[in-house]
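To start, the structure under review is shown below, and the notes come after it.
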Amino acid sequence: MKVAVPARDGHVDDHFGHCAAYEIFEIDDNRRIVSTDSLPAPGGCGCKSGIAMVLRNMGVSVMLAGNMGQGAVGKLAENGIEVIRGCHGETGEVVERYLAGGLTDNAQICDHHDCHHPHE
């Protein structure tokens with residue numbers, strides 16, 4: 001399994017469409033991180049950039065994100081990628097919390113492109 005996290009400076013970026021890169025974590029059958037990689041984010045809107053298809057082709061099945069618009073959620077879902085929103089913190093720690101069953105989707109949708117949500 002592969003998990004993607006929109007990131008900036010090693011932390012979950014608050015908004016999927018504004019991240020600097022996607023950190024990709026490969027998970028083994030024992031639910032342990034076995035490798036990480038980084039994919040620079042394309043310019044422009046995350047939901048229109050084609051990143052969902054790129055991530056799918058890389059084998060990503062889960063996106064752990066801060067917040068994102070409905071267009072991005074839909075594009076990821078169309079490409080078979082489950083989205084869990086409301087994530088905050090260092091990317092590796094967030095993935096570990098997910099693997100331990102400690103994350104649930106907060107269902108918060110940004111409804112405009114300049115949306116910024118503070119850390120809780």
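The values are calculated or read from the model by the stated rules, or taken from the named source; none is laboratory data. On a predicted model such as this, the values are computed, not experimentally measured, just so you know. Backbone-built Cβ (ideal geometry, glycine too); neighbour counts: all protein chains shown.
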Requested in this report: Please list, ordered by first then second residue, the pairs with beta carbon atoms under 9 Å, 6 or more apart or interchain, first in the range 41-54 and within 15 Å of residue 24 (Cα to Cα) and surrounded by 15 or more Cβ atoms within 10 Å (Cβ to Cβ), second modelled with pLDDT under 85 and among the hydroxyl-bearing types (Ser, Thr, Tyr).
Outcome: 41/49
Query raised in the report: Within the range 17-28, restricting attention to residues that are farther than 14 Å from residue 91 by Cβ and at pLDDT below 95, which residue is surrounded by the fewest Cβ atoms within 10 Å (Cβ to Cβ)?
Result: 18
Query - Odd one out for residue 14, checked against (1) surrounded by fewer than 17 Cβ atoms within 10 Å (Cβ to Cβ); (2) touching a residue at least 24 places away in the same chain (Cβ under 8 Å) - result: (1)
